[in-house]
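Just so it is clear, none of the values below were taken in a lab; they were calculated from the coordinates. The structure presented is a predicted model; accordingly, all values stated were derived computationally and were not measured. Glycine also receives a Cβ, built like all others from the backbone with ideal geometry; neighbour counts cover every protein chain displayed.
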Amino acid sequence: LISAQGALLLRGFPLNDAEDFAAIVKAVFGRELVDYKGEGSRRRVVQGVYTSTEAPPEIKIPLHNELSCTVHPVDYICFYCDIAPN
């Protein structure tokens, strides 16, 4: 599905926290998560899992292609939502 569609959305799994998310991602891809190396104000939650850019609400972040300018881009980027949007 990832190759055909370019993305995969998983919902309804019994994840309690970022540690569960990291364990699932490691199991699916069969390797350790890499640490974030980039610009921005991110906080490490657990190894390989970081917050989104922590800019104040009045700062507008334009649409961008995550990590597209890195010398060694990662194969996949996985996102986890711990707090559902209102």
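In this simple spin-label model, placing a label point 7 Å from the Cα along the Cα-to-Cβ direction at both Thr51 and Ile2 gives a separation of 2.7 nm. Each residue of region 20-37 was assigned a 3J(HN,Hα) from its phi angle through the Karplus expression (A = 6.51, B = -1.76, C = 1.60, θ = phi - 60°), giving 4, 4, 4, 5, 5, 4, 4, 5, 5, 9, x, 7, 5, 6, 8, 7, 6, 10 Hz with x at Gly and Pro.
When only alpha carbons of region 29-83 are considered, Rg and Dmax amount to 12.3, 39 Å. Put simply, when 24-34, 6-16, 71-81 are sorted by average Cβ atoms within 10 angstrom per residue, most first, you get 24-34, 71-81, 6-16.
Note on Arg42 and Leu9: their simple-model spin labels are 2.2 nm apart, each label 7 Å out from Cα toward Cβ. Using helices alone, what [θ] at 222 nm do you get for the chain, with -39,500 (n - 2.57) per DSSP H run of 4 or more residues, divided over all residues and rounded to the nearest 500? About -5000 deg cm²/dmol.
About its Cα centre, the dipole of the chain is roughly 120 debye, where the only charges are +1 on Lys and Arg Cβ and -1 on Asp and Glu Cβ.
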